[in-house]
1. Please tell me the relative contact order of region 162-264 in percent, rounded to the nearest whole number, where contacts are Cα pairs under 8 Å and at least six residues apart.
2. Using the structure shown, select from Lys96/Lys159; Lys122/Lys159; Lys239/Lys324; Lys52/Lys96 the pairs with a Cα to Cα distance greater than 22 angstrom.
3. Among the aspartates and glutamates, which fall within straight-line cross-link reach of Lys194, defined as a Cα-Cα distance under 14 Å, with same-chain neighbours fewer than 8 residues apart omitted?
Amino acid sequence: MGNKWVNTQRAPEHRTAVGLVTVTETRNFTSAPPCSASHTLQEMGYDFKDGKLVSISNGLDATDHRACTGSPSESLLKSVSDYVETYLEEQMNFRKILLPLNAKPSQPTSYIYVSDNASTSKKLLLLIPASGQGGPGVWAPSVVVDKGLDAGSQIPYIKRALSDGYGVVCLHPNGGNVMTDGKRTSVKYHEDSKQHLRYVWDHVIMKTKASRIAVGANGDGGGAVVDLMSTRPKQVRRKLFAVALSDAADNCFTSAGNAANKRFLNIVCQGWVCCAEPINTQITCTDGSLKICSAGTSRPEEIALAIIESVFQFFVERYNKASKR
């Protein structure tokens with residue numbers, strides 16, 4: 001990506017590149033090779049085997065092992081997130097961009113991850129986790145612990161997006177408060193998910209060559225997208241062609257604002273909610289403007305993986321329609 005964004009961190013040169021994958025391969029992230037973050041997990045008594053977090057001592061999946069040891073610790077959840085982020089750098093050639101750009105050494109920073117083609121691709125996919133512990137490359141670390149990398153990480157989405165020609169930007173809406181000298185400090189321009197997305201849009205996304213942008217947002221990450229529509233209407237309507245929302249529909253209805261924003265949502269957005277009805281069964285909405293479908297599962301921890309094929313089919317349909325405008 002050259003020097004497009006100067007405040008970046010890059011993986012060591014010993015990384016092993018991962019090639020593009022087929023549609024079938026995106027459904028199974030089970031063959032992830034080890035990365036340099038593995039040792040931290042191993043020190044805690046865990047490691048990944050076939051995409052599942054297992055106990056080194058007895059080989060049990062982390063979920064079964066925790067039946068005896070209790071809930072996952074904060075340190076284990078952080079180590080799982082660190083593992084995924086390191087995997088993005090070492091195995092998928094992603095860059096870590098510190099934010100705000102050009103921050104002073106003493107200034108608290110957040111960060112995002114971007115694929116190596118993000119500044120040059122004609123279309124981008126932005127991935128936004130819900131509030132809580134999700135971060136770049138991770139929908140929810142607790143789901144990674146319980147269900148594995150396929151279910152809890154964004155890597156199946158990233159692989160599929162790269163194979164479809166997207167550049168990818170993994171946002172970090174939960175990175176706006178950091179520990180500095182033992183105190184919790186807010187990161188300027190990144191105090192919440194809405195400010196974070198605005199900053200990334202203005203200072204990163206708008207500096208790329210992308211003319212078409214899609215978003216995959218989980219939970220209240222959808223609210224940040226709606227805010228962006230409200231605060232940058234001309235830019236968003238010109239570039240945004242699709243928004244896939246998982247468990248985010250209610251948020252969009254309550255914060256969409258004016259009628260023009262709702263009409264735009266009706267065109268570019270589709271939501272999936274936890275429901276045992278067959279996948280893509282349309283669910284009736286009180287507002288009547290946004291198409292909301294069943295995810296085919298009633299378990300929130302399964303929704304991201306359950307809808308991945310439907311999401312990318314939706315992107316294809318929306319991209320084709322947007323390209324005809």
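1. It rounds to 22 percent for region 162-264.
2. Lys52/Lys96
3. Qualifying aspartates and glutamates at Cα under 14 Å: Asp202, Asp220, Asp227.
Where a number appears in this text, it was derived from the coordinates with a stated rule and is not lab data. Quick caveat: nothing in here was measured; it's all calculated off a predicted structure.
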